[in-house]
Amino acid sequence: MSPRPFINVAWNRPFLPALIDIALDLTDGDMGRAFCVFPHSRPALYLTETIRNDERIPKPCVLPRMESVSGLFGLIRAAARQDAATGAVPVGILDQVALLLHIVRDLRDTHGGLLRDLPLDDSKRFFPWGVRLANLMEEFFTHNREPDDYIHMEDQVTPFAAALLENLGTIHARYVAALRERGWTTPGFDAASVVRIIARGEDLSRIPGMAGKQIILAGFHTLTGSQQVLFRTLWERHGAAVCLHADPNIVPGGSAEPHWSCTDLIRWAGAWQTTITPFTAAPGSEPDAAHGAPRKPGEPVITFRAGYDVHSQISALAEELRALGHNPHNSHTFEGAARPAGESRAVVLPDTSLLMPVLHHLPDADRNISMGYPLARSPLFRLVECILAMQETKRGSGYHWKALIALLRHPYLKMLDPSPAPDQTPDQGKGRRNPSGHNFRRFLHHAERVVRASRRFAPLRDLAARTAATVTDGAGTGPEEAATALSAQSLAPSLALFSRILDAAVFRWESIATPGDLATALQGLVDLMRDHGAALWDHFPIDAECLYRLSVSVIPQLAHTALKEEHLPPETLFAVLRNLLAQERVPFEAYPLVGDQILGVLETRLLHFDRLFILDLTEDKLPGTSGHDPLLPDSLRGLTGLPGKRGREKVAAYNFFRLVNGARQVTLYWQEGVTAQGLNDAKKTRSRFVEELLWKEEEKLGRILTPEHPEKAGCDGPLSLISCRLPAVPREHRTIPAKDAAMRRMQTILEGDLSPSLLDAYLRCPAQFFYQRVGRIREVEGVVEGRDPLGTGTFLHEVLRGYFTDRLDKPLTADAAAAAALCDAFSRQFAESELSRTLPADDRIMLEEAVPPILRTLLENHAGRIPRHVEEKFRAAVIVDGKERTLGGVIDRVDEEAGQLLVLDYKTGHVPLVKHAVWQDDAFWDALEAWRPGGSGEYSGGSGGTGGSGDPLAAVAKAFASVQLPAYIYMAGRQTGRAVRDAAYVPLRMGAKDTPLFGEKTAEDVRERAITERIPALFRFLLRHMANAENFPPRSGQNCDWCLYKNLCIIAR
């Protein structure tokens, strides 16, 4: 039987209908005799559907046998295997690495060389190299290559890689022998075994399933070494037909140069000493014209669209699909029968990360997904990552608070049911109200609050009990939240589930030492999800499939590996787990073939669509950038006979151009002008394949294409920009009206002790005061990491309180003994404080070095004074419109100096100042006394202002950065009954002096009037204003930069 010439189906026509014609011709009309071999399994489904729609083939009929190339290798290996009684056992990456580690260790002991210097006794160090070595062995098997020992590679690769390359041939030989001895196999080893079967001269036509069949090798481009051997044998000895799908110009005598991505097909035919003949059927396409250029028959109309990011591309895609309308027909072009009325459409994604955003943006219509979704992008993977991060960041018995909160906030845990019905199926759980689930989410909120109030590294053994105490008695919550407390009976299911979560996600992972332990811990997590989420997974099928893949693929690989009892460090086990999870894909059900197709580039091989949309065509996605291989860099792959980067790029180009040339209309999207996001990221540029198509378009049009906005008048070019219209949004400050509920809350506030900080909050910004004090919207608490200004200030206050309390009613001295006593007190208390353990090392050292000089300066500045009150609570009444209000607050120190009192307030941060001129501005103080609710406008200040009719609150805020010192003077004077001469801030920083409210430069009469008349008037005005507020307006200023509520203040009109 003489070998047949290769048959080429022009890539501007559908391949599968032509394949039916070829099969009918080769089998004399008996399709059941055909045996079609495809590069992957997807075309078999489409061929079946094409046959079903082909009216030329009488029904019912026997379908041809269809196999992917990997299935063909497995079929031959299974049929010819000599150990068929036992069967070879497929092994995963863990067993491969373990076997290679054993081989390399043995070589080190027997051969020495560079292997002597490797840390092979540390399996953690070997594991990443073992994974690379196992993958390299697979490549050698697949390409039918036997490597040599490559010496003197020390200058080309790292020492670890050089040692392995020096023994690569020996490792490969021993690896093959070990696989045979153990009865193990891998996909690559199966391919190599088929080559050996062929070398023994076995008759492949006798293999069950192939006997009497006409073999058709359909649509291959670049063959591996093992495929070369198998296919040539089938072609030469068994009459197999080779059908290509490529540029029609690869046929001798073509009208033009063949496309560069198809030249390997010409070399393939030359190597086999045969020719390529065209498939005789005419494409049947009519001339088309667009963008001012005539189109040849079968040539696609291509539109180029440049976006500014991924979502702009997806948004433009969604608009185009909505404009095209619903496509109820099969998404593949079926010829040889009546053509469906609707066109076939496909959305092609070069990267799997685009799948979920595309599904969220596409119109609600039928669609068919033919690509796997990486488990590493699923919420399940993030849950596992949270668990691993808990163990990786723990310190002693404490877990980092951020890692713990990330775990508590995971959506899977929030949706679990503490009280699932016994033996409940997902269908039984549909629509069932879940009050216990609501209670459990409240329990998790309380648990997070407990963690935030804990230390940086929180112990977890008593977390459930501490949370339960908080939930049942309302501890740590405000009075308005006490109603959320749960009874002990309603709390029991939530407490039990929370304890089980901690056990399954934290405590079991503490003692993991082997892959078997890791499998057990993962199984416990899966059991938790199943037991308390039976009604959950029916609503989230992708998540359910991820959980299934974890159960049936990842866990068995860990539980049944030869390394299952091998003790490994936690970081190695976690690296193994991450590697296994990264390899998993969640498949979608790709049948029936209805609606729009969503595929990856590889899944489009041999398929044909009328309308194509290809997203994110950037250089890093297509052809893509392969990562650097430290074991065998691309520069060394030529030594081994393995294909390099150029070969991979040519395969990507063939798949892309074959797909594009087979369509009638193509829209290509990419992002450009996007700056790099990370240190190792490159700026996004459009793919070189897009550049080639653009150049051809420019050649046809005779001009350089420039991007245009689609909405631009006269824009009819093929290259356009995706624009996003962002008109300026009119915004204004939101003034909050003082409604009845707000004023009732305000009256409650005014009936209590009014601290100076509360008055400052109202004066600084009434809107912020409303959110913080009236609305009680609190800032999210968090454990302080790094610098802690608040904690540092509190600690210094405690040190000074203890020192001056011991010296009440005694004159202060600044001698060496006094300074030493104060500095020793600081050092001792700091060493015993929590602050010394939580501050970063540089901040701790800086505090230890900087504070003693500050304390000595403080004593020098205050020498001779007599402390009368230290950290005492002061209260004073203010009569406003016949009602008594109370100012109250803790004053750091009240000293006596020259028979008069001086109020002191320590400051570790910013020192607010009061404008001295305000005390002599009579018009200002008259406006404060005259103001009553209902006035219009604002007080503008000075004698030319609006007098008493305007609201002077803004003017008060401008004059008084803080009313703290005036309030302390007022309270100290009223409570002690003695004259207070002044108040001052004591800045706790190097070389700083006290900052008084008045100071020596203030005239005595001005000071006296300010204390006796104007400070009381200030507080009467503030309290009157608070009691009669008509609204709470925001006040812009520097405080907006750090305000928690700034996003609530500015709204769109």
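Being assigned to a helix (DSSP H, G or I), of a type in the set (A, V, I, L, M) and out of contact with any Lys or Arg (no Cβ under 9 Å at 6 or more places or on another chain) is a property that holds for residue 230. For the stretch 734-744, the candidate set comprises residues that are touching a strand residue (DSSP E or B) at 6+ places or on another chain (Cβ under 6 Å) and surrounded by 12 or more Cβ atoms within 10 Å (Cβ to Cβ); within that set, the residue that is nearest to residue 307 (Cα to Cα) is 734.
Note on the stretch 288-321: among residues that are among the acidic types (Asp, Glu) and outside any helix (DSSP H, G or I), the one that is modelled with the lowest pLDDT is 288.
Looking across 769, 804, 795, one residue alone is out of contact with any helix residue (DSSP H, G or I) (no Cβ under 7 Å at 6 or more places or on another chain), buried (at least 17 other Cβ atoms within 10 Å of the Cβ) and not assigned by TED's automatic domain parsing to the domain that holds residue 405. It is 804.
Report whether or not residue 571 is in the same structural domain as residue 500 (by TED's automatic domain parsing), in a helix (DSSP H, G or I), acidic (Asp, Glu) and under 14 Å from residue 127 (Cβ atoms). For residue 571, the condition - in the same structural domain as residue 500 (by TED's automatic domain parsing), in a helix (DSSP H, G or I), acidic (Asp, Glu) and under 14 Å from residue 127 (Cβ atoms) - is met. Condition check: over 37 Å from the mean Cα position of the chain (by Cα) and among the hydroxyl-bearing types (Ser, Thr, Tyr). Does residue 985 satisfy that? Answer is yes for this residue.
Which of the residues spanning the stretch 64-93 are among the hydrophobic types (A, V, I, L, M, F, W, C), out of contact with any strand residue (DSSP E or B) (no Cβ under 9 Å at 6 or more places or on another chain) and at pLDDT 85 or above?
Of everything in the stretch 64-93, those that are among the hydrophobic types (A, V, I, L, M, F, W, C), out of contact with any strand residue (DSSP E or B) (no Cβ under 9 Å at 6 or more places or on another chain) and at pLDDT 85 or above turn out to be 73, 76, 93.
Of the numbered conditions (1) of a type in the set (Gly, Ala, Ser); (2) touching a residue at least 12 places away in the same chain (Cβ under 8 Å); (3) in a helix (DSSP H, G or I), residue 209 fails exactly one; give the number of that condition. The one condition residue 209 does not meet is (3). Screening residue 1020 with (1) surrounded by 14 or more Cβ atoms within 10 Å (Cβ to Cβ); (2) under 30 Å from residue 732 (Cα atoms) gives one miss only, at (2). If you check residue 222 against the conditions, is it of a type in the set (Val, Ile, Thr), touching a residue at least 40 places away in the same chain (Cβ under 8 Å) and out of contact with any helix residue (DSSP H, G or I) (no Cβ under 6 Å at 6 or more places or on another chain)? So residue 222 does not fit the description; no. Here is a check on your reading of the model: is residue 534 part of a loop (DSSP other than H, G, I, E, B) and either surrounded by 18 or more Cβ atoms within 10 Å (Cβ to Cβ) or at pLDDT 90 or above (or both)? Considered against the rule, which asks whether it is part of a loop (DSSP other than H, G, I, E, B) and either surrounded by 18 or more Cβ atoms within 10 Å (Cβ to Cβ) or at pLDDT 90 or above (or both), residue 534 comes out as yes.
The residue list 911, 880, 894 contains one member that is hydrophobic (A, V, I, L, M, F, W, C), more than 17 Å from residue 980 (Cα to Cα) and over 53 Å from the mean Cα position of the chain (by Cα), which is 880.
For the stretch 886-904, the criterion of being modelled with pLDDT of 85 or more, within 18 Å of residue 969 (Cβ to Cβ), touching a helix residue (DSSP H, G or I) at 6+ places or on another chain (Cβ under 9 Å) and not in a strand (DSSP E or B) is satisfied by no residue at all. Inside the stretch 125-159, residues that are of a type in the set (Gly, Ala, Ser) and under 17 Å from residue 177 (Cβ atoms) make up a count of 1. Here the condition is being of a type in the set (Asp, Glu), more than 30 Å from residue 307 (Cα to Cα) and in contact (Cβ under 8 Å) with a residue 12 or more places away in the chain; of 616, 596, 620, 629, it holds for 629 alone. Selection of helices (runs of 4 or more DSSP H) fully inside the stretch 759-842 by the criterion of at least 1 residues being touching a strand residue (DSSP E or B) at 6+ places or on another chain (Cβ under 7 Å) and at pLDDT 90 or above returns 766-769, 789-805. Please list, ordered by first then second residue, the pairs with beta carbon atoms under 6 Å, 6 or more apart or interchain, first in the stretch 648-671 and in the same structural domain as residue 617 (by TED's automatic domain parsing) and β-branched (Val, Ile, Thr), second buried (at least 24 other Cβ atoms within 10 Å of the Cβ) and outside any loop (DSSP other than H, G, I, E, B). What qualifies is 666/612; 667/613. Inspection of the stretch 177-192 identifies no residue that is without any contact (Cβ under 8 Å) to a residue 40 or more places away in the chain, closer than 30 Å to residue 636 by Cα, touching a Pro at 6+ places or on another chain (Cβ under 7 Å) and in the same structural domain as residue 139 (by TED's automatic domain parsing). Is it fair to say residue 1005 is at negative phi, charged (D, E, K, R), in contact with a Leu (Cβ under 8 Å, 6 or more places away or on another chain) and in the same structural domain as residue 904 (by TED's automatic domain parsing)? When the stated conditions are applied, residue 1005 does not pass them.
Scan the stretch 431-439 and tell me whether some residue there is at pLDDT below 85, outside any helix (DSSP H, G or I) and closer than 19 Å to residue 402 by Cα. The answer is no; no qualifying residue exists. Restrict the check to the stretch 700-709 and report whether at least one residue is within 15 Å of residue 300 (Cα to Cα), of a type in the set (D, E, K, R), at pLDDT below 90 and not assigned by TED's automatic domain parsing to the domain that holds residue 13. Checked against the condition, which is being within 15 Å of residue 300 (Cα to Cα), of a type in the set (D, E, K, R), at pLDDT below 90 and not assigned by TED's automatic domain parsing to the domain that holds residue 13, the stretch 700-709 yields at least one hit. The listed residues are 1035, 1020, 1009, and the only one of them that is assigned to a helix (DSSP H, G or I), out of contact with any strand residue (DSSP E or B) (no Cβ under 6 Å at 6 or more places or on another chain) and in contact (Cβ under 8 Å) with a residue 12 or more places away in the chain turns out to be 1009.
The values are calculated or read from the model by the stated rules, or taken from the named source; none is laboratory data. Keep in mind that this is a model prediction, so the values were computed, not measured. All Cβ positions, even for glycine, are placed from backbone atoms using ideal geometry, and neighbour counts span all protein chains on display.
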